[in-house]
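These notes are about the structure you will find just below.
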Amino acid sequence: MKNIRNFSIIAHIDHGKSTISDRLIQICGGLTIREMSAQVLDSMDIEKERGITIKAQSVTINYVSKIQKKTFQLNFIDTPGHVNFSYEVLRSLNACEGAVLIIDSTQGIEAQTLENCKIAIDMKLKIIPVLNKIDLPTANISNSLNQIKNIIGFSPDQVLQCSGKTGFGIIDLLEKIVTDIPAPQGNPNKPLQALVIDSWFDNYLGVVSLICIKNGSLRKRDKIKVMSNSKIYTIESIGLFTPKKIYCNMLRCGQVGWVICNTKHVTDILVGDTLTLNKNPAVNTLPGFKKIKPQIYAGLFPIDLTEYQNFKNGLIKLSLNDASLYYENEHSTSLGFGFRCGFLGLLHMEIVKERLEREYHIDLISTAPNVIYEVETLNNKIIYVDNPSKFPALNKIKEIREPIAKCNIFTPTKFVGSIIKLCTQKRGIQINLTYHMNQVSILYEIPMSEVILNFFDELKSISSGYASLEYNFLNFKKSDVVKLDILINSKKIDALSCIIHKKNSQIYAKKIVHKIQSTIPRQQFDVIIQSVINNIIIARSTVKQLKKNVLSKCYGGDISRKKKLLQKQKKGKKKLKKIGKIAIPQKTFFTILNRH
Ligand code: GDP
Ligand code: MG
């Protein structure tokens, strides 16, 4: 055990975590060059396409230290860097004694560098600061070293300089990992305590769980007990990721590896749980993970109603792997049966939707996302409303409170003015502003509903990409919001209802009607769109009826041509949702998001 090192790699997005991880694997011979595809750790299709890491992944490799002349077993976990996925970072760190903190020398310290570093310090992990991308001509090494010294307190001689691209400095990094990071502290003779770091559904193998053995050891055929629910299973197979899946007979104290049990349901072993042995159980569970609450909610509905069961199975499987994905049944009068889902942010929502569509081949409609509201009714009940169409009637409400986000913005000084202007526009209240040389850290309280929309993109655009953001839920605060309903041909479309701030609500109501009108294709009849606040019609717009019949072009004659045309029309319709007689495209449901 004294030759095991468990660590995570943490950084702001794009600073080079995945690239450095790949380099570590390559140097330690985990894969041959032929086996290394573009980036091995970002293995999910969507991760590769978007170039971001979504799931934390673990890899076990052996490193022969040139200095200590010994072989070490390294378990490292690549963590996601996007602001929507910081909970995955926390999960990975729970299994580690150390963290490699990567800082891009062309960017310097950013909001997530700070946030992740704070978490690692709180968890008492040994931190190894690394300055990456020093091969680039735009690298600003002295400036970055100064920032690291002044903001997170590491002197320049403590900081390793390297390049994930050329491989420069990576051996030094490996040597530093084995000398500086302590070996895991567990006791191999104590009863088993294994922390479930991750758990996912594999179409061939069933439920696979990634675990870290904190005390004791675990063998194939052992009977384990899941400590949260006392359920008992048999370990059917057990092994390591190198990153290839390797089978072995046991996992020792301090090791990180995978297990497959005779579980029936994807929900039998949950992330954050503790596994122990049935015949010699531990008394206490390990400290689990903080339950992560979703920040935005939206309805997801299959376009084709017969896909409902398939959709439900997909959602259950995805949520096993994703503790922050919440769902419950929803029935919409306009869209039928589906699920109300909770997500960490817009990117998280897009990725879940995309995975369901790709991996389960379902076409989905999603309604525009909204935050959750705390509503106090006149008879002093507090209810939480995550669906605008479920808002209580106005004459039953005493007070509505909306979620507020604590936003930490980190930026070069020259953008401070425009950032403050943007935050004010988003109804933000400034809490603090601290200068660190040519960087500023700005603390704001901004309504979550404003933060989850395009705040991040706007922040990036006014600061030429330099400002970075980290946000967390703070509290609920009284707010003047109203519900806006949309009628299409006099029928209320519940999936298009939204909650907006009273200020500007009249202007939004008008804009939204026109935006919706521009997304709806012409039909065989006029389509009238109206927006309503408190039962008062605010605005109205019409989609004029279609003049030409597609088939009229065919002059009756050629049957095959007629069929082709109909086929083409049918294809175009596939992405449309029929509500009554009216075909509405997916983008209509999203227009209410871009109300500005
Ligand atoms: P992650 O988001 O932290 O996992 O970052 P990635 O490893 O995906 O890297 C982001 C981008 O930076 C990719 O285009 C990499 O090819 C590039 N990159 C990473 N490390 C280096 C480096 O040392 N030098 C150069 N020139 N580019 C790098
Ligand atoms: Mg990555």
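The values are calculated or read from the model by the stated rules, or taken from the named source; none is laboratory data. Just so it is clear, the model here is predicted, and its values are computed rather than measured. Neighbour counts run over all protein chains shown; Cβ positions are idealised from the backbone, glycine included. The protein model used for the area step is the full one, side chains on, heavy atoms only, and it has no ligands, DNA or RNA in it. Shrake-Rupley method; radii C 1.70, N 1.55, O 1.52, S 1.80 Å.
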Original post:
For the chain, which whole percent of the accessible surface, found with a 1.4 angstrom probe, sits on carbon and sulfur atoms?
Top reply: 52
Subject >> For region 296-368, the spread of Cα positions along each principal axis, largest first, Å >> reply: 27, 22, 17
Subject >> Crossing angle, helix 505-519 versus the chain [Cα axis fit, 0-90 degrees, rounded to tens] >> reply: 90
**OP:** Determine ³J(HN,Hα), in whole Hz, for all residues of region 242-259 in sequence, where each value follows from phi through the Karplus function 6.51 cos²θ - 1.76 cosθ + 1.60 and θ = phi - 60°; x replaces Gly and Pro.
**Re:** 10, x, 5, 7, 10, 8, 8, 9, 7, 10, 8, 3, x, 7, 10, x, 10, 9
Subject >> Note, ³J(HN,Hα) from phi for region 365-378, Karplus 6.51, -1.76, 1.60, rounded to Hz, x at Gly and Pro >> reply: 10, 10, 7, 5, x, 9, 8, 9, 10, 9, 10, 9, 8, 4
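Quick one: which of 394-402, 459-467 comes out on top by average Cβ neighbours within 10 Å, and what's the full order, highest first? Walk me through the numbers on the way to the answer.
Details: 394-402: 14.2, 459-467: 16.7.
The densest-packed peptide leads the list: 459-467, 394-402.
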Subject >> Lys, Arg +1 and Asp, Glu -1 on Cβ, resulting dipole of region 296-368 about Cα centre, debye, nearest 20 >> reply: 140
**OP:** Quick one: angle between helix 170-180 and the longest Cα principal axis of the chain, in degrees between 0 and 90, rounded to 10, please.
**Re:** 70
Original post:
In square angstrom, rounded to the nearest 10, how much accessible surface does K133 have for a 1.4 Å probe?
Top reply: 50
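Only Lys, Arg, Asp and Glu count, each charged at its Cβ (+1, +1, -1, -1), so figure out the dipole size of the chain about its Cα centre, rounded to 20 debye.
2100
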Original post:
Relative to the first principal axis of the alpha-carbon coordinates of the chain, what is the inclination of helix 17-27, with its axis defined by its Cα atoms, in degrees from 0 to 90 and to the nearest 10?
Top reply: 40
Subject >> J(HN,Hα) series, region 356-364, from Karplus relation 6.51 cos²θ - 1.76 cosθ + 1.60, nearest Hz, glycine and proline x >> reply: 4, 5, 7, 7, 10, 6, 10, 8, 10
Original post:
Can you pull the accessible area of S142 for me, 1.4 Å probe, Å² to the nearest 10?
Top reply: 80
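How do 352-362, 229-239 rank on mean C-beta neighbours within 10 Å, highest first?
Details: 352-362: 17.1, 229-239: 15.5.
Packing proxy ranking, top to bottom: 352-362, 229-239.
How large is the Kirkwood hydrodynamic radius of the chain, in angstrom, based on all distinct alpha carbon pairs? Each step should come with its number before you reach the end.
Details: mean 1/r = 0.0375 Å⁻¹.
About 26.6 Å for the chain.
Does region 193-277 come out rounded, prolate or oblate, given a ≥ b ≥ c as the square roots of the eigenvalues of its C-alpha gyration tensor, rounded meaning a/c under 1.5 and, failing that, prolate meaning a/b above b/c? The partial results should precede the final answer.
Values: a/c = 1.42, a/b = 1.05, b/c = 1.34.
Note, shape of region 193-277 comes out rounded.
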Original post:
Taking 0.36 nm per residue of separation and subtracting the Cα-Cα distance, what length does fully extending F337 through E175 add?
Top reply: 52.7 nm
**OP:** Identify, among N3, L125, V271, the residue whose Cα sits farthest towards the positive end of the charge dipole of the chain, taking +1 on the Cβ of Lys and Arg and -1 on the Cβ of Asp and Glu, with the dipole about the Cα centre.
**Re:** V271
Original post:
If you take the charge dipole of the chain about its Cα centre, with +1 on Lys and Arg Cβ and -1 on Asp and Glu Cβ, which of N370, G254, V208 is farthest toward its positive end?
Top reply: N370
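Charges at C-beta only: +1 for Lys and Arg, -1 for Asp and Glu. How large is the resulting dipole of region 193-277 about its Cα centre, in Debye rounded to 20? Please report the intermediate quantities before stating the final value.
On the way: 11 positive and 6 negative charges, 61 e Å.
Computed about the Cα centre, the dipole is about 300 debye.
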Original post:
Going toward the positive end of the dipole of the chain, with +1 on Lys and Arg Cβ and -1 on Asp and Glu Cβ, which of F301, G98, L459 do you reach last?
Top reply: F301
Original post:
Given the rule -39500 (n - 2.57) for each run of at least 4 DSSP H residues, summed and divided by the residues of the chain, what is its mean residue ellipticity at 222 nm, to the nearest 500 deg cm²/dmol?
Top reply: -6500 deg cm²/dmol
Subject >> Residue-normalised accessible area of the chain, expressed per residue, 1.4 Å probe, Å² >> reply: 45
Original post:
Using r as the Cβ-Cβ distance of V283 and K414, and R0 as 60 Å, what FRET efficiency do you calculate, to the nearest 0.05?
Top reply: 0.55
